[in-house]
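No value in this document is a laboratory result; all are computed from the given coordinates. Bear in mind the structure is a predicted one, so any value in this text is a computation, not a measurement. We place every Cβ from the backbone using ideal geometry, glycine too, and count neighbours over all the protein chains shown.
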Amino acid sequence: MQYCIELEANLASLGDNGALTNARRLYDSVLDLYPQESEVWRNYYNLELKVRLHITTIYMLPHFIKG
């Protein structure tokens, strides 16, 4: 399962929104089965941080270019 999540997370980090949705669903499924696995929680949190950073960068870049 971890390999599937990693594949989807890598695709999501490249901007594939479908992969992001799949990665989130996979994480949710794993966390339903293993709610005490801190590594899974940490990886899920890191994925969300990467996604938010990517979205923020895309939003802010035109503002920085304009000056």
Practice problem: Note down the net charge around Leu33, summing +1 for each Lys or Arg and -1 for each Asp or Glu among other residues with Cβ under 15 Å from its Cβ. | Solution: -3
Practice problem: Multiply the residue gap between Cys4 and Arg25 by 0.36 nm, knock off their C-alpha separation, and tell me the result in nm, one decimal place. | Solution: 6.4 nm
Exercise. Could you calculate the contour length gain from Arg52 to Glu39, that is, 0.36 nm times the residue separation minus the distance between their Cα atoms, to one decimal place in nm?
Key: 2.7 nm
